[in-house]
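Participant: First the structure, then my questions, so here it is.
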Amino acid sequence: MTSPPHGDHGHAPPQRTVEQHLEEILEVVSPLSELDLSLLDAHGCVLAEDVTSSHPLPPFDNSAMDGYAVRRADVAGASEESPTMLPVVGDVAAGSATPYTVQPGLCVRIMTGAPLPPGADAVVPVEWTDGGIATVAIRRTPREGAHIRRAGEDVTAGQQVLPAGTHLGAAQVALLAAVGRARVLARPRPRVVILSTGSELVEPGTPLGHGQIVDSNSYGLTCAAREAGAIAFRVGITTDDPREFRDTLEDQLIRADCIITSGGVSAGAYDVVKEVLSQLGTVGFHRVAMQPGMPQGFGTVGPEATPFFGLPGNPVSALISFEVFVRPALRRMLGTEPIQRPTVRAKLESPIRKGAGRRQFARGRLRVKDGAYVVAPFEGPGSHLLADYAAANTLVVVPEETTELPAGAAVDCLMLERRQR
Ligand code: AMP
Ligand code: MG
């Protein structure tokens, strides 16, 4: 493939729909191969096997309270006025191998989590007693089975506890440990490399020279990739020098399951991503019928056909392109469902106008009013309006051919939850 000469505006490629572009992406990306991972490495990954428990949970009958293991019949008459006195034959703590049996007329002092001694059928909490060590005064009668956690009441031996496809958060990892798994088969989190292109870019905190702007995209995209479940490597800024960009890209390929760049994909001169990638890999550059985010590059690069996203440089375009195209791809790589953000129908609180031909992702605030969703769209579609985007919690999807929506019209709203999952 030959590249257009540096600075050639070329002729505009044909336009494609959001669906067509996303379809191509989802045909290329697939779930990463499963790995045998230790539990903490599996955190945030998606389980690739059905997990069953080798033993019951709890593994044995045990006490839910600090107190006294008794035969309920022995304390049936206990009251505040006339406590039942029982000799205490010994102590069982959590972890102790129980040498005791509760014989009629006797009791055993027991701690939370300790195995229930044979013979006992209830635990009297210490608060209902005088806390005696040799003899105890019991002031109330427990129910049959009171304060006993039965073996298997959480999980029975052989029970499936987590199916393949489960996202492994804190609770799921705890359960895997509890059922005795030190390692599991899981799909690893995709490793994503993020690069910003632009000779005008500087690091945050650097005084701005003439024409310089801060590289906000690599920060936003790194966080967006993390929020989608990936391991993100922020490489940062490369200039619009093609050689520098190509070298950086080739260096980074080794650790990437996916590469995201921003900038340099439109039809201007010095569009470095377009220039370099046109000669490397299978990346195509398209005009996608959306606003913001019309210029999009996508394809694969390198010996392992690593998915590559060349996102536009405007900060809001870059982040919305991520939402629409990259997030679903990363979720597909993780092997998790759903790959899309949730969408709800909401009523517009004010009208929207736009040109025909492109799907608009308008920024807005979604909230519940009188039990139904309403959305206040922000004015202005400018793809540089980052402060607006930071205040938005939704993208209002305005269809391609719609030019006007009155207040009260029902619209689809993509919910941008910013919590990590
Ligand atoms: P480009 O697509 O490279 O022509 O960039 C489009 C616009 O986005 C220009 O105004 C750039 O200065 C701006 N831009 C590009 N990259 C970044 C970035 N990493 N952070 C913030 N703004 C950027
Ligand atoms: Mg640029």
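Participant: Over the chain, calculate the relative contact order: mean separation of alpha carbon pairs under 8 Å at least 6 apart, over the residue count, as a percent.
Facilitator: Normalised by residue count, the contact order of the chain is 17 percent.
Participant: Placing +1 on the Cβ of each Lys and Arg and -1 on the Cβ of each Asp and Glu in the chain, which of 391, 53, 209 has its Cα farthest towards the positive end of the resulting dipole?
Facilitator: Of the options given, the answer is 391.
Participant: Can I ask one more? Compute the distance in nm between two label points, each set 7 Å from the Cα along the Cα-to-Cβ direction, one at residue 96 and one at residue 82.
Facilitator: 3.2
Participant: Give me the accessible area of residue 369, 1.4 Å probe, in Å² rounded to the nearest 10.
Facilitator: It works out to around 100 Å².
Participant: Any idea which of 90, 273, 326 is furthest toward the positive side of the dipole for the chain, if Lys and Arg beta-carbons carry +1 and Asp and Glu beta-carbons -1?
Facilitator: So the residue furthest toward the plus end is 90.
Participant: Taking the Cα centre of each part, how many Å lie between the range 350-421 and the range 133-196?
Facilitator: Distance between centres, Cα-based: 41 Å.
Participant: Can you work out the Karplus-derived ³J(HN,Hα) for every residue in the range 360-372? Use 6.51 cos²θ - 1.76 cosθ + 1.60 with θ = phi - 60°, whole Hz, and x for glycine or proline.
Facilitator: 9, 9, 8, 7, x, 10, 9, 8, 9, 10, 6, x, 9
Participant: With a 1.4 Å probe and every protein chain left in place, work out the accessible area per residue of the chain in Å², rounded to a whole number.
Facilitator: Accessible area per residue: 46 Å².
Participant: Something else: Show 168, 39 ordered by accessible area, largest first, where the area counts protein heavy atoms only and the probe is 1.4 Å.
Facilitator: If we order 168, 39 from most to least accessible, we get 39, 168.
Participant: Report the gain in length on full extension from residue 202 to residue 178: 0.36 nm times residue separation, minus Cα-Cα distance, nm rounded to one decimal.
Facilitator: Working it through step by step, the gained length comes to 3.8 nm.
Participant: Share of antiparallel DSSP beta bridges in the range 82-227, in percent to the nearest 5?
Facilitator: 50
Participant: Could you tell me what percent of the accessible area of the range 273-389 is made up of carbon and sulfur, with a 1.4 Å probe and every protein chain present?
Facilitator: On the range 273-389, the fraction of accessible area on carbon and sulfur atoms equals 52 percent.
Participant: Next up: Can you give the accessible area of residue 254, probe radius 1.4 Å, in Å² rounded to 10?
Facilitator: The accessible area of residue 254 comes to roughly 140 Å².
Participant: Provide the FRET efficiency to the nearest 0.05 for the residue 157-residue 133 pair, computing r from the beta carbons and using R0 = 41 Å.
Facilitator: Using R0 = 41 Å, I get an efficiency of 0.65.
Participant: For residue 379 and residue 43, compute 0.36 nm times the residue count separating them, minus their Cα-Cα distance, and round to one decimal in nm.
Facilitator: So the extension gain works out to 116.9 nm.
Participant: I would also like to ask the following. Rounded to two decimals, what ratio of Rg to Rh does the range 358-415 give with C-alpha atoms and a Kirkwood Rh?
Facilitator: 0.95
Participant: Here is a follow-up. Would you please give the FRET efficiency between residue 150 and residue 345, computed as 1/(1 + (r/R0)^6) with r the Cβ-Cβ distance and R0 = 41 Å, to the nearest 0.05?
Facilitator: 0.30
Participant: Counting only DSSP beta bridges with both residues in the chain, what percent are antiparallel, rounded to the nearest 5?
Facilitator: 65
Participant: Putting +1 on Lys and Arg Cβ atoms and -1 on Asp and Glu Cβ atoms, find which of 248, 374, 44 reaches farthest to the positive end of the dipole of the chain.
Facilitator: 374
Participant: For 30, 38, what's the largest-to-smallest order of accessible area, 1.4 Å probe?
Facilitator: Order by accessible area, largest first: 30, 38.
Participant: So what's the back-of-envelope 222 nm ellipticity for the chain, counting only DSSP H runs of four-plus at -39500 (n - 2.57) apiece and dividing by all residues, rounded to 500?
Facilitator: Computed ellipticity for the chain at 222 nm equals -4500 deg cm²/dmol.
Participant: Work out the FRET efficiency for residue 36 and residue 337 from their Cβ-Cβ distance, taking R0 = 35 Å, and round it to the nearest 0.05.
Facilitator: Efficiency, from the Cβ-Cβ distance: 0.95.
Participant: Subtract the Cα-Cα distance of residue 254 and residue 17 from 0.36 nm times their separation in residues, and report this length gain in nm to one decimal.
Facilitator: 82.1 nm
Participant: Let me ask something additional. Select from the range 79-138 those GluC sites (Glu not before Pro) which occupy a DSSP coil region and have at most 10 other Cβ atoms within 10 Å, ordered by residue number.
Facilitator: Here the sparse-neighbourhood loop sites are 80, 81.
The values are calculated or read from the model by the stated rules, or taken from the named source; none is laboratory data. What you see is a predicted model, and the numbers here were worked out from it, not measured in a lab. Note that each Cβ is placed from the backbone with ideal geometry, even for glycine, and that neighbours are counted across all protein chains shown. These area figures cover heavy atoms from the full protein model, side chains too; ligands, DNA and RNA do not enter into them. Shrake-Rupley method; radii C 1.70, N 1.55, O 1.52, S 1.80 Å.
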